[in-house]
Amino acid sequence: MSGTGVPHQGEQYDDAFVPEDREVGVGPHPGPWPADPRLDPELLAAGDRRNVVDRYRYWTREAIVADLDTRRHGFHVAVENWQHDFNIGSVVRTANAFLAQQVHIVGRRRWNRRGAMVTDRYQHVRHHDSVASLASFAAGHGLPIIGIDNLPGAVPLETFELPERCVLLFGQEGPGLTEEAWKHSAAVCSIAQFGSTRSINAGAAAAIAMHGWIRAHGDVAGAVS
């Protein structure tokens, strides 16, 4: 870890997630090295095995974040975390994939970073001690809070028009949205289910809601692969 709190490039790759028979990324740059200030000399020399799309190979973390910041979408994601919810890592990874503006963790600071597969290094993550703090942030930025939970009175996400700028708020796995979260939500949306289970995984619900926003407002032609 550098003195600025920014991880060295080598710390951004977690080989625990890579099967032994699969090689990820690229090896050392064959040279001559491009004269591009976004590129990291250490990665050019050693290779880049990070969990990033090909367009960002050899780029520094700071350069990647700066580029993402020019294209981030208008939705934020918030998750209540009162009992150390292990789904949050997955939510952060999905938020990165769909280029959320920020992720807000409400409650406990500790969360499952391993599940994020290092994507939190490229995603703005903010902590709030309470739902009231999140609500204050949202109000100050003109962002309506849209709760996601299958609760009585919720409107179907499938027919709801998600605002282009909003906060998608998810509850803790199990209990779902707290009463306070419900009260601070401009609307609460449910996800249609057709099987026997009463609910779906919080990480899955977050992915469905985020993709719902992408379907409504995202520029699919600008997606990366």
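The values are calculated or read from the model by the stated rules, or taken from the named source; none is laboratory data. Keep in mind the model is a prediction, meaning the values are calculated, not measured. Virtual Cβ from ideal backbone geometry, glycine too; neighbours counted across all protein chains shown.
Structure above, values below:
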item: Residues within region 166-207 that are surrounded by fewer than 16 Cβ atoms within 10 Å (Cβ to Cβ) and within 18 Å of the chain's Cα centre (by Cα), tallied; result: 2
item: Within region 28-50, tally of residues that are touching a helix residue (DSSP H, G or I) at 6+ places or on another chain (Cβ under 7 Å) and part of a loop (DSSP other than H, G, I, E, B); result: 6
item: Some residue of region 142-154 being in contact with a Lys or Arg (Cβ under 8 Å, 6 or more places away or on another chain), of a type in the set (Asp, Glu) and not assigned by TED's automatic domain parsing to the domain that holds residue 53; result: no
item: Residue that is nearest to residue 166 (Cα to Cα), among those in region 98-139 that are charged (D, E, K, R) and touching a strand residue (DSSP E or B) at 6+ places or on another chain (Cβ under 9 Å); result: 126
item: Hey, residue 215 more than 22 Å from residue 97 (Cβ to Cβ) and either assigned to a strand (DSSP E or B) or more than 16 Å from the chain's Cα centre (by Cα) (or both) or not; result: no
item: Given (1) more than 27 Å from residue 195 (Cβ to Cβ); (2) loosely packed, with under 13 Cβ neighbours inside 10 Å, number of the condition residue 152 does not satisfy; result: (1)
item: Test result for residue 80, among the charged types (D, E, K, R) and outside the structural domain of residue 51 (by TED's automatic domain parsing); result: yes
item: Some residue of region 133-146 being on the phi < 0 side of the Ramachandran plot, of a type outside the set (Gly, Ala, Ser) and touching a helix residue (DSSP H, G or I) at 6+ places or on another chain (Cβ under 6 Å); result: yes
item: Residues located in region 184-212, provided they are part of a loop (DSSP other than H, G, I, E, B) and under 20 Å from residue 101 (Cα atoms); result: 185, 186
item: Tabulated pairs, region 56-76, first free of Cβ contacts under 8 Å to residues at least 40 places away in the same chain, second assigned to a helix (DSSP H, G or I) and among the β-branched types (Val, Ile, Thr), C-beta under 7 angstrom, 6+ apart or interchain; result: 56/64
item: Test result for residue 133, hydroxyl-bearing (Ser, Thr, Tyr), outside any strand (DSSP E or B), in contact (Cβ under 8 Å) with a residue 24 or more places away in the chain and within 19 Å of residue 181 (Cβ to Cβ); result: yes
item: Which listed residue is at negative phi, assigned to a helix (DSSP H, G or I) and touching a strand residue (DSSP E or B) at 6+ places or on another chain (Cβ under 7 Å), from 95, 78; result: 95
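One line per residue, one yes/no per condition, for (1) touching a Gly at 6+ places or on another chain (Cβ under 6 Å); (2) at pLDDT below 95; (3) not charged (D, E, K, R):
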position: 94; (1), (2), (3): no, no, yes
position: 108; (1), (2), (3): no, yes, no
position: 119; (1), (2), (3): no, yes, yes
position: 122; (1), (2), (3): no, no, yes
position: 129; (1), (2), (3): no, no, no
